Amino acid sequence: MRHATSCLSGLCLFATLSAQQPSQTSLLGFNAASSKDELDLEKRFQAIPDPVRMRANMQLLSARPHHVGSPYDKQNADWILAQYKQWGWDAHIETFDVLFPTPKTRLLEMGSFHAKLEEPAVSVDPTSSQKDEQLPTYNAYSPDGDVTAPLIYVNYGLVQDYEELARYGISVKGAIVLARYGHSWRGIKPKVAAEHGAIGCIIYSDPADDGYTQDAVFPNGPMRPADGVQRGSVLDAPLYPGDPLTPGIGATADAKRLKREDAASLAKIPTLPISYADAQPLLEALQGPVAPDNWHGALPLTYRIGPSSTMVHLHLAFNWDLKPVNDVIATMRGSEEPDVWVLRANHYDGWVNGAEDPISGQVAMLEEARALGLLAQTGWKPKRTIMYMSWDGEEPMLLGSTEWAEQHADELRKHAAIYINSDSNDRGYLAVQGSHSLEPLVNEVARSIQDPETQGTVWQRWQAGNLISGSPQERKDAANRADLRIGALGSGSDFSAFIDHLGIASLDSSYGGEDRGGIYHSIYDDFYWYTHFGDTTFVYGRAMAQTDGTLVLRMAQADLLPFDFAALADTLHVYSGELKALLEARRSEANERKADLEMNVYKLTSDPRHPMVAPPALEIPPFLNFAPLDNALALLDKAASHYSKARAQAAGRALSTASLKALNEELTQAERKLTSAQGLPRRPWMQHLIYAPGWYTGYDAKTLPGPREAIEERRYADADGQIASVARAIEVEAGYVEQLAAELEAASGIPQQLSTSSPSR
């Protein structure tokens, strides 16, 4: 995962920015003594993570290719297990058997041209030559196929790109499409192509996106060389991640499995990734109209749409085997509230050597676990149970984490307070996405961590980055809000099963924005690349360990779990406003289209030598009923305010251990109230009604996804029902928060008249 933002030119901003920071509130204890003890513990923890150890551990874990089912992947699992045990954790491996296809035939040709489909070793990079152990370049879960057809270029292969093709009068039905990587998750490209009748899909990396236009190419620089290829899964992740044969249940040895032809998440048409060296002859062979300006890449040719005059032949065949994934699970049992779980994880499998993705994150997380183990050796024990998970099988589509979460779903729904995820890590700015009831917690922790390059706090640098290069809304928020906003979670890493399916409050964090890289999912993502072009001194690895480890400690140690429902309510108002603005934008678009068609604008502006087809008329949206959503948000505003006041009034009062235990167990359930057992339209596995991966974006989040996607896709008949579903969930959340506020008041002996609200029953 990467956080793209620009570098700062004036770090002197920190002097003025720091004046805007609020004083740190106490999310730790209800009295000064307990807060001081916990802050002292955090400082001891933050001093332990060691960049030298991280470098050595990366060199070991990325020494050989370690994809799912490979010998070195299992060797790494055993080594990680031994480390946890050495540090005093109760650790074990859980194994699941998952469908993981590997290629046996890959052929792409056009006339006399035969694609190389191979990444060459680089002499200065010692692990790039481990060819016998490397997975070849392919898209996992592409079906077998042997197709011959004309080629059509579809830009990034997005829904709007096919709308543009229709203006040129071009259909991809019966064709093979060529799409470039970027602007959506790769699995969306064959998905949309198949919906439009294509019979094959080729995806290439254009140098405009991660090649020589950005910086020098590897090994002289960090960017993708001409023969570099991005491997990756093309499972339909927005439908459900994990093993395609066992949706909703753990892929244990005796699990009941679907037949492969019944697995809905498998891609529908054969799909193959290629380099821009292999793509250039294909692009040069295209005939037909010149592509729109925003479809042009950086190769030295005229980008045309096609079709090609010469047929393209694509032949793919795979070994459809079950392979083991080995999840390493380490537990430190809580001393006071053992039935409340704090979960922290990062995966360790890679497509090849995977130094940046994911070992940069794994070595930081292991330093957290080592530090907590050292603290435990001094006699400290966490109040709540802490679990560290090193996942296998993330790269093919979140296999290890999803199967483990599905297998332990009932326990997790009962006990899990939070899931904290990371993936890859680089230099630069802190980026956090997740449940917005955790936004103040993230801000507090960010204020406690020093940025390695500027010596300000990572919160100051995060704020400065938003002020300099954020969106207009981010700049406004950074200048005026006490806390910075965190982003929303979609999919693309191991948090998906926890938040999207189980409704566990979750966070995903990383540092990045300063390192440009074009080695994603290639053989060049290795120790040599990372130690020359990434976080070469591993100081941001230390910052990541300090950040995520402190989040773990806050969740494990705070007297009362640090959820903030006012932050959630505020964010939901933003999402509601976006939904209303989207509907108005659709209405304006439809009315403008109608007027243009009536005025014959498209015919009058069409160049006879390069004719364009008029777009179809659009349905003018009806006026949707947002009243249920507005009313629900008003209830949540009131409840959140009540809870915030009750918490503030409880500060300094003595709450019994039993009362705190009961309140914390109830707080773990607050995020679950925002889910529905029926799930989202078309995808019942996705049960969170506030956050989900987009049906046509994949990794990127859609907020309020039911009504938002109904409006985006012009399914207006579905929108009112989806608005009502979201409103009901928010109403339930509001009632639950009111109940928590009343219980907190009662536990702390606050007279009822001091409260501005009474509990909702």
Subject >> Selection within the stretch 129-162 - over 25 Å from Pro289 (Cβ atoms), of a type outside the set (Lys, Arg) and more than 28 Å from the chain's Cα centre (by Cα) >> reply: Ser129, Gln130, Asp132, Glu133, Asp144, Gly145, Asp146
Subject >> Condition broken by Thr310, with the remaining ones in (1) in contact (Cβ under 8 Å) with a residue 12 or more places away in the chain; (2) within 29 Å of the chain's Cα centre (by Cα); (3) open to solvent by 10 Å² or more (accessible area, probe 1.4 Å) satisfied >> reply: (2)
Subject >> Residue among Leu41, Leu27 that alone is open to solvent by less than 50 Å² (accessible area, probe 1.4 Å), modelled with pLDDT under 70 and under 30 Å from Thr657 (Cβ atoms) >> reply: Leu27
Original post:
For Ile386, which of the numbered conditions (1) open to solvent by less than 10 Å² (accessible area, probe 1.4 Å); (2) of a type outside the set (Lys, Arg); (3) more than 16 Å from Leu507 (Cα to Cα) fails to hold?
Top reply: (3)
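Conditions (1) in contact with a Lys or Arg (Cβ under 6 Å, 6 or more places away or on another chain); (2) crowded, with 18+ Cβ neighbours inside 10 Å; (3) hydrophobic (A, V, I, L, M, F, W, C); (4) free of Cβ contacts under 8 Å to residues at least 12 places away in the same chain, marked per residue:
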{"site": "Arg609", "(1), (2), (3), (4)": "no, no, no, yes"}
{"site": "Ala614", "(1), (2), (3), (4)": "no, no, yes, no"}
{"site": "Pro621", "(1), (2), (3), (4)": "yes, yes, no, no"}
{"site": "Ala627", "(1), (2), (3), (4)": "no, no, yes, yes"}
{"site": "Asp630", "(1), (2), (3), (4)": "no, no, no, no"}
{"site": "Leu636", "(1), (2), (3), (4)": "no, yes, yes, no"}
{"site": "Arg647", "(1), (2), (3), (4)": "no, yes, no, no"}
{"site": "Arg653", "(1), (2), (3), (4)": "no, no, no, no"}
Original post:
Does the stretch 144-158 contain at least one residue that is under 21 Å from Thr302 (Cα atoms), open to solvent by 30 Å² or more (accessible area, probe 1.4 Å) and in contact (Cβ under 8 Å) with a residue 40 or more places away in the chain?
Top reply: yes
Original post:
Here are some conditions: (1) assigned to a helix (DSSP H, G or I); (2) closer than 27 Å to Glu164 by Cβ. Pro621 meets all but one. Which one does it not meet?
Top reply: (1)
Subject >> Conditions (1) farther than 30 Å from Phe498 by Cα; (2) part of a helix (DSSP H, G or I): number failed by Pro219 >> reply: (2)
Original post:
Are there any pairs with C-beta distances below 8 angstrom linking a residue in the stretch 655-668 that is in contact (Cβ under 8 Å) with a residue 12 or more places away in the chain and under 15 Å from Ala505 (Cβ atoms) to a residue that is acidic (Asp, Glu) and not in a helix (DSSP H, G or I), with the two at least 6 apart or on different chains, and if so which?
Top reply: Asn664/Glu337; Glu665/Glu337; Glu665/Asp339
**OP:** Take the residues in the stretch 269-301 that are closer than 22 Å to Gly228 by Cα and of a type in the set (S, T, N, Q), then tell me which one is most open to solvent (accessible area, probe 1.4 Å).
**Re:** Gln280
Subject >> Residue under evaluation Leu633, criteria (1) farther than 19 Å from Asp564 by Cα; (2) assigned to a helix (DSSP H, G or I), criterion not met >> reply: (1)
**OP:** Spot the failing condition for Gly379; the list is (1) part of a loop (DSSP other than H, G, I, E, B); (2) in contact with a Gly (Cβ under 7 Å, 6 or more places away or on another chain), and only one is missed.
**Re:** (2)
Original post:
Pick from Glu406, Glu439, Glu356, Glu453: which is farther than 23 Å from Ala82 by Cα, in contact (Cβ under 8 Å) with a residue 24 or more places away in the chain, open to solvent by less than 10 Å² (accessible area, probe 1.4 Å) and charged (D, E, K, R)?
Top reply: Glu439
Original post:
Quick check: anything in the stretch 211-227 under 22 Å from the mean Cα position of the chain (by Cα) and either among the β-branched types (Val, Ile, Thr) or surrounded by 23 or more Cβ atoms within 10 Å (Cβ to Cβ) (or both)?
Top reply: no
Original post:
When you look at Val98, is it β-branched (Val, Ile, Thr), modelled with pLDDT of 95 or more, in a strand (DSSP E or B) and open to solvent by less than 30 Å² (accessible area, probe 1.4 Å), yes or no?
Top reply: yes
Original post:
Would you say Ala505 is aliphatic (A, V, I, L, M) and open to solvent by 10 Å² or more (accessible area, probe 1.4 Å)?
Top reply: no
Original post:
Of everything in the stretch 460-489 that's closer than 13 Å to Val432 by Cβ and in contact with a Pro (Cβ under 9 Å, 6 or more places away or on another chain), which residue is surrounded by the most Cβ atoms within 10 Å (Cβ to Cβ)?
Top reply: Leu489
**OP:** Can you work out which of the residues in the stretch 694-749 that are open to solvent by 40 Å² or more (accessible area, probe 1.4 Å) and not in a helix (DSSP H, G or I) is farthest from Glu589 (Cα to Cα)?
**Re:** Gly749
Original post:
Consider Lys673 against the criteria (1) surrounded by fewer than 19 Cβ atoms within 10 Å (Cβ to Cβ); (2) free of Cβ contacts under 8 Å to residues at least 40 places away in the same chain; (3) farther than 22 Å from Gly492 by Cβ: it satisfies all of them except one. Which criterion is unmet?
Top reply: (2)
Subject >> Verdict on Ser335 being more than 30 Å from Gly456 (Cβ to Cβ) and of a type in the set (Gly, Ala, Ser) >> reply: yes
Original post:
Between a first residue in the stretch 469-491 that is more than 22 Å from Leu441 (Cβ to Cβ) and a second residue that is part of a loop (DSSP other than H, G, I, E, B), which pairs have beta carbons less than 6 Å apart while being 6 or more apart in sequence or on different chains?
Top reply: Ser469/Thr5; Ser469/Ser6; Ser491/Ala237; Ser491/Tyr699
**OP:** Could you check how many residues of the stretch 522-552 are open to solvent by less than 10 Å² (accessible area, probe 1.4 Å) and within 28 Å of Asn139 (Cβ to Cβ)?
**Re:** 8
Original post:
Just for helices (runs of 4 or more DSSP H) wholly inside the stretch 391-506: which have at least 1 residues that are over 22 Å from the mean Cα position of the chain (by Cα), over 22 Å from Glu42 (Cβ atoms) and of a type in the set (A, V, I, L, M)?
Top reply: 458-469, 472-480
Original post:
open to solvent by 30 Å² or more (accessible area, probe 1.4 Å) and part of a helix (DSSP H, G or I), is that true of Arg106?
Top reply: no
**OP:** Could you please tell me which pairs satisfy a Cβ distance under 8 Å, a separation of 6+ or placement on different chains, a first residue in the stretch 692-705 that is more than 18 Å from Ala719 (Cα to Cα), and a second residue that is open to solvent by 40 Å² or more (accessible area, probe 1.4 Å) and assigned to a strand (DSSP E or B)?
**Re:** Ala701/Gln433
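The values are calculated or read from the model by the stated rules, or taken from the named source; none is laboratory data. Keep in mind the model is a prediction, meaning the values are calculated, not measured. Every residue, glycine among them, receives a Cβ derived from its backbone with ideal geometry; neighbour counts consider all protein chains shown. The accessibility values were calculated without ligands, DNA or RNA, using every heavy atom of the protein model including side chains. Shrake-Rupley method; radii C 1.70, N 1.55, O 1.52, S 1.80 Å.
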